[in-house]
Each structure stands twice: as C-alpha cells, then as structure tokens.
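The values are calculated or read from the model by the stated rules, or taken from the named source; none is laboratory data. Remember, predicted model here, so these are calculated numbers, not experimental data. Please note: Cβ atoms are built from the backbone with ideal geometry, for glycine as well, and neighbour counts cover all protein chains shown.
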Amino acid sequence: MSRSPLLDAAFGYMPAQIVHTAAEIGVADALAGGPRTSGELAEATGTHAPSLLRLLRGLVTLGAVEQKERDLFALTAEGQRLRADAPDSVRALIRLFCGPEVWRTWGDMTGTLRTGEYAWKRVTGHTSFEHFASDPELSATFNAAMAEHTRAVAPGMIEAHDFSRYGTVADLGGGDGTLLAAILRANPGVRGLLVDLPAGLDAASGTLADVAGRAEIVPGDFFESVPAGADAYVLKSVLHDWSDGKALAILRNVRAAMAPGARVVVLEQVMPEMVTPETAGIVRNDLNMLVATGGRERSEGEFRELLGAAGFTGVSFTGPLPPSAYHVIEAVPAT
C-alpha cells in the first residue's frame, strides 16, 4: 500500500499513546541518571519488564530514547522533555491532551457535529472546568500543562508588548502565575494581580515566590467581577475557552473594572480567513475548543466585533509571535 497522509493521521493514536504512557509511568524521570535496562526501569516505574521493553522500543522509533545495547536504554535530548523537572518539560501537556478525558472527548466529535453539544459535557456529565474543579489530580495536571505552555510562549509576548508602561498588571485566569511572574521579572517597576478560581491558584505562591513583594494573589471569578484599579488587564488563552456570549460577559466585566487610560491585552491565536496545511495548529486548537469547552478560536474580524460589543475601541493586533503564532490584541475603553 502506498504511503497516505490520511492513514498516517488515522494511525496517529499509536505514537500519541506511546508518549502518553511514557509520561504517565515516568520513564524519563527514571532514566534521568543515565542508561538503564528494562528490568531496572520496570522496578523504578512499577511496571511489567517484558511489556516495558516493548514500549521502550516504541520510544526509540520516536526519537525519545536511544537503544545503547539490546536491553540498555538512555534518554535523547528530546526525551529529556518528558522529565517532570525539565525546564522545557512537556510531560503535563502530554498527560492532559492524551489522557482519557480528552481522548474520549475527541472520540465523540461525531456526536458534537450531530448535536451541536460539545463532547466533554456529554461524555463526562460536566463541563471541562466543572470536571477540573471536582478532580484535584486532573486539575493539577491541567494547571501544570498550562504552565508548561505558557513558559514556552511568554518570552515572545513580553518582547512584543511593553509592559513597563503599566503600574499594575492584572492577569485574569492566570493559573499558577507563570505569565505574571515572567512579566514582573522582566519589568521590575510593575506590580501584579493574579486572579483565578481557587483551584487554579494552588501552585501560585511557589511560582511567584521571587516576585512576591510585587504580586498579589486574588481568588475570583471573572464571570462575577474583576478587581478594579489595574492599568492593564491580561487575558491569555481565556476567551477561546468560551462561546461568544460567555466571552462577551468576561470582557464586559473587565470593561466595568477599568479606569480611563487602562487597557485590555488579549493574548490569543487568530484564525486566518483562509486555512492551509500550514495553519494546522490553530485549526486543531479550534476543533479542541469545539469538543472540549464549547469555545472557539476567532478571526481578527470576530475579535474586533466581540471587543466592540463589550465597549472597547482602538483595537490593534501585533503578531503572529513565535513559537505558537499568538497575537497581542490591545484595546481601550470606548468613551
């Protein structure tokens, strides 16, 4: 049979579950000290050695592990990223997006297309964020995954936008504070407010420890209200989680909290009007929002319309920013 990109895509579950299983059982952490045999790794990870040997071969085919001898394996540079303690770790992202909840959700995309109801709610009985709030382990994985992603994209955002002009920056839905901490480290004259639901803030004190004197952690729900008094309100990867109606409610609460001269800074990917194979990343993110949250990725025109309806004007776009094609979308309150 000739090579088919469609078949490659269809069998993508195989490499996805190879790396997911490795992340779940902690293979990379067990290999951090150097090469080990499958038996040694099985003892360290609590797994069945003959089965683990077969998984290790799979990791070799993906470039995550090197086979030194018939039964001796070591991490590659890419495989180091499966370690929980790696500075550029992707372990939590893999555990979240290849985990059973997301797996079942994507598996029911047909149901979403037939009913218009997003799959996560249908297959679990809860919205995704209700699910996170009720499952501390899943919530911790989600928060760690969002922190991993933010560490990768924050430098480009901070370089593209001058945060030094603000006295106080409020990061709404900011999770463990990874983005706010990066902003404050790069701008010593700025103070910060980190606002999220209590479950999202579990690790915030540790993340913000080195800037704690300039950072305040504020439990809150942006659907109810937003703290007043900040000069900039940052929404990174927030609006895409929600329908237009919910996103509008968030933005209106932000608008209500803003003093004259304050600014909203939305950090999101922007859907092009025409898509190509090169825009696969945002298209797949949009499909993830379709099945997982009921949200969506939006075009420039859709962002302008949404911000205008919420009472903002002067909308501008900077981007796409490497490495993930985010844009900085700025707006000020309409008078």
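Observations, loosely collected:
- Selection within the stretch 1-19 - in a loop (DSSP other than H, G, I, E, B) and at pLDDT 95 or above: PHE11, GLY12
- Check on THR76, touching a strand residue (DSSP E or B) at 6+ places or on another chain (Cβ under 7 Å), not assigned by TED's automatic domain parsing to the domain that holds ALA292 and not basic (Lys, Arg): yes
- Single residue of ASP231, ASP202 found to be modelled with pLDDT under 95 and at negative phi: ASP202
- GLY175, sole failed condition from (1) surrounded by 15 or more Cβ atoms within 10 Å (Cβ to Cβ); (2) at negative phi: (2)
For every residue, the table says whether it meets (1) farther than 14 Å from ILE94 by Cα; (2) among the aromatic types (Phe, Trp, Tyr); (3) surrounded by 14 or more Cβ atoms within 10 Å (Cβ to Cβ).
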{"residue": "ASP8", "(1), (2), (3)": "yes, no, no"}
{"residue": "MET14", "(1), (2), (3)": "no, no, no"}
{"residue": "ALA22", "(1), (2), (3)": "no, no, yes"}
{"residue": "THR45", "(1), (2), (3)": "yes, no, yes"}
{"residue": "ALA49", "(1), (2), (3)": "yes, no, yes"}
{"residue": "ARG54", "(1), (2), (3)": "yes, no, no"}
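- Candidate set from the stretch 20-39 (those that are touching a Leu at 6+ places or on another chain (Cβ under 7 Å) and in a helix (DSSP H, G or I)); member that is farthest from PRO87 (Cα to Cα): SER38
- Number of residues in the stretch 264-317 that are acidic (Asp, Glu), assigned to a loop (DSSP other than H, G, I, E, B) and surrounded by 15 or more Cβ atoms within 10 Å (Cβ to Cβ) equals 1.
- Total residues in the stretch 318-332 satisfying the condition of being part of a strand (DSSP E or B) and out of contact with any Pro (no Cβ under 7 Å at 6 or more places or on another chain): the figure is 9.
- The set of residues in the stretch 310-327 that are in contact (Cβ under 8 Å) with a residue 40 or more places away in the chain and either in contact with a Leu (Cβ under 6 Å, 6 or more places away or on another chain) or polar (S, T, N, Q) (or both) comprises ALA310, THR318, SER324, TYR326.
- So ARG70, is it under 15 Å from GLU24 (Cβ atoms) and of a type in the set (Lys, Arg): no
- If you check ALA133, ALA154, ALA160 for being buried (at least 17 other Cβ atoms within 10 Å of the Cβ) and not assigned by TED's automatic domain parsing to the domain that holds THR45, only one passes: ALA154.
- Taking the criterion of being hydrophobic (A, V, I, L, M, F, W, C), closer than 25 Å to VAL123 by Cα and under 13 Å from the mean Cα position of the chain (by Cα), the residues of the stretch 78-103 that qualify are ALA92, LEU93, ILE94, LEU96, PHE97.
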